[in-house]
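Peer 1: Could you have a look at this structure, given as structure tokens, before my questions?
The values are calculated or read from the model by the stated rules, or taken from the named source; none is laboratory data. The structure presented is a predicted model; accordingly, all values stated were derived computationally and were not measured. When we count neighbours, we look across all protein chains shown, and the Cβ atoms used for this are built from the backbone with ideal geometry, even at glycine. Accessible surface areas use protein heavy atoms only, side chains included; no ligands, DNA or RNA. Shrake-Rupley method; radii C 1.70, N 1.55, O 1.52, S 1.80 Å.
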Amino acid sequence: MKIGVNILALLLLIASLVAGKMYWNHQASEQSALRPTKIEDSRYTEGQDVSWKQYAQNLPKSVTEKIEQAEKAQKPIKLVIVGSAPKEKVDKTWGALLKENLQSTYGEDLITTQIYEYTDMTTLEFVKNEAYKQILNEKPDVLLFEPFLLNDNGVVGINNTLENITVIMSRLKKHNSELVTILQPSAPVYKAENYPNDVKALEKFSKENGYEYLDHWNAWPDYRSKDILTFLAKTPGQPNADGEKLWANYLETYFTNSSSEL
């Protein structure tokens, strides 16, 4: 009887160790998926001409296929960046920093970038004022859209925000069914209460509707920690210069497999 009990205890110990390892492997996998990381490729050696494919290793197939077509046709793809303009002056926004990085990495022979930043814009105003027509006129291949989530918070309401995004995207898709859309939230807010739930809702919406989603919040210190104040301006939800760079670095890693120094 005693031997049987010992064997059972040993089996339970082994099972718990295996389960623990599987859990931590799963956690590590999820974290890796949330944040783009630089991918080293041993096929490229120093002094060798580097293919754009080395820089595009974090990008989805829908985007790399467009770049490949652009290379063959010798006609660059167009990336349009849409988001909130800062209320306090900064040297360069994350959009401007990303544009510079894309130009220096891919060159304008492969990717051209246009930026539209709107002050105090909400998704409701974006629809009512038909501001989305500016995007239509650009005829983008890829849209990186920060849909004024913070400006909408407490004003429009997340359910209406998601409905407005649906309207905007339906208008864009009507003119370009091949458009690749990448959604991302606005900047974090220190000790925010309801706003983080809006961010989660946007992520869920993106996945359910087949849009790429970039959660750059994973690159920031925890929004509940005072550490995040190092990267925020006095205006709630606006990055300072270091915050703009931090946000841009996250996007640069995603788009170019590299990032600028903070």
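Peer 1: Determine whether Glu203 is free of Cβ contacts under 8 Å to residues at least 24 places away in the same chain, closer than 24 Å to Pro86 by Cβ and either out of contact with any Pro (no Cβ under 9 Å at 6 or more places or on another chain) or open to solvent by 30 Å² or more (accessible area, probe 1.4 Å) (or both).
Peer 2: Details: free of Cβ contacts under 8 Å to residues at least 24 places away in the same chain: yes; closer than 24 Å to Pro86 by Cβ: yes; either out of contact with any Pro (no Cβ under 9 Å at 6 or more places or on another chain) or open to solvent by 30 Å² or more (accessible area, probe 1.4 Å) (or both): yes.
So Glu203 fits the description; yes.
Table: residues versus (1) touching a Leu at 6+ places or on another chain (Cβ under 6 Å); (2) at negative phi.
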{"residue": "Asp120", "(1), (2)": "no, no"}
{"residue": "Phe126", "(1), (2)": "no, yes"}
{"residue": "Glu138", "(1), (2)": "no, yes"}
{"residue": "Asn159", "(1), (2)": "no, yes"}
{"residue": "Val167", "(1), (2)": "no, yes"}
{"residue": "Gln184", "(1), (2)": "yes, yes"}
{"residue": "Asn194", "(1), (2)": "no, yes"}
{"residue": "Ala201", "(1), (2)": "no, yes"}
{"residue": "Glu208", "(1), (2)": "no, yes"}
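Peer 1: For the range 61-93, what are the residues that are under 18 Å from the mean Cα position of the chain (by Cα) and among the β-branched types (Val, Ile, Thr)?
Peer 2: Correct list: Val63, Thr64, Val80, Ile81, Val82, Thr93.
Peer 1: Just a yes or no: is a residue in the range 118-132 among the hydroxyl-bearing types (Ser, Thr, Tyr), in a helix (DSSP H, G or I) and either within 25 Å of Ser51 (Cβ to Cβ) or more than 17 Å from the chain's Cα centre (by Cα) (or both)?
Peer 2: Within the range 118-132, the subset among the hydroxyl-bearing types (Ser, Thr, Tyr) is 118-119, 122-123, 132.
Now drop any that are not in a helix (DSSP H, G or I), which leaves 123, 132.
Keeping just the survivors that are either within 25 Å of Ser51 (Cβ to Cβ) or more than 17 Å from the chain's Cα centre (by Cα) (or both) gives 123, 132.
Checked the range 118-132: at least one residue is among the hydroxyl-bearing types (Ser, Thr, Tyr), in a helix (DSSP H, G or I) and either within 25 Å of Ser51 (Cβ to Cβ) or more than 17 Å from the chain's Cα centre (by Cα) (or both).
Peer 1: In the range 142-159, which residue that is open to solvent by less than 10 Å² (accessible area, probe 1.4 Å) and part of a helix (DSSP H, G or I) is nearest to Lys245 (Cα to Cα)?
Peer 2: Kept after step one, since they are open to solvent by less than 10 Å² (accessible area, probe 1.4 Å), are these residues of the range 142-159: 142-149, 152.
Pick out the ones that are also part of a helix (DSSP H, G or I) and you get 149, 152.
Working: Leu149: 20, Asp152: 24 Å.
So the residue we want is Leu149.
Peer 1: Also: For the range 249-259, indicate whether the set of residues that are in a helix (DSSP H, G or I), at negative phi and surrounded by fewer than 17 Cβ atoms within 10 Å (Cβ to Cβ) is non-empty.
Peer 2: Initial filter on the range 249-259 (in a helix (DSSP H, G or I)): 249-256.
Next, only the ones that are at negative phi stay: 249-256.
Those left that are additionally surrounded by fewer than 17 Cβ atoms within 10 Å (Cβ to Cβ): none.
No; the residues of the range 249-259 include none that is in a helix (DSSP H, G or I), at negative phi and surrounded by fewer than 17 Cβ atoms within 10 Å (Cβ to Cβ).
Peer 1: Identify all residues within the range 160-200 that are within 15 Å of the chain's Cα centre (by Cα) and surrounded by fewer than 19 Cβ atoms within 10 Å (Cβ to Cβ); write none if there are none.
Peer 2: The initial filter retains those residues of the range 160-200 that are within 15 Å of the chain's Cα centre (by Cα), namely 180-188, 199-200.
Lys200 - this is the single residue of the range 160-200 that is within 15 Å of the chain's Cα centre (by Cα) and surrounded by fewer than 19 Cβ atoms within 10 Å (Cβ to Cβ).
Peer 1: Can you tell me how many residues within the range 84-96 are in a helix (DSSP H, G or I) and either of a type in the set (Phe, Trp, Tyr) or crowded, with 22+ Cβ neighbours inside 10 Å (or both)?
Peer 2: Looking only at the range 84-96, we keep the residues that are in a helix (DSSP H, G or I), and these are 94-96.
Applying the additional criterion that residues be either of a type in the set (Phe, Trp, Tyr) or crowded, with 22+ Cβ neighbours inside 10 Å (or both) yields 94-95.
Within the range 84-96, residues that are in a helix (DSSP H, G or I) and either of a type in the set (Phe, Trp, Tyr) or crowded, with 22+ Cβ neighbours inside 10 Å (or both) number 2.
Peer 1: Kindly indicate the residue of the range 55-83 that is in contact (Cβ under 8 Å) with a residue 40 or more places away in the chain, open to solvent by 30 Å² or more (accessible area, probe 1.4 Å) and touching a helix residue (DSSP H, G or I) at 6+ places or on another chain (Cβ under 7 Å) and also nearest to Pro185 (Cα to Cα) among those meeting that condition.
Peer 2: Among those that are in contact (Cβ under 8 Å) with a residue 40 or more places away in the chain, open to solvent by 30 Å² or more (accessible area, probe 1.4 Å) and touching a helix residue (DSSP H, G or I) at 6+ places or on another chain (Cβ under 7 Å), it is Asn58.
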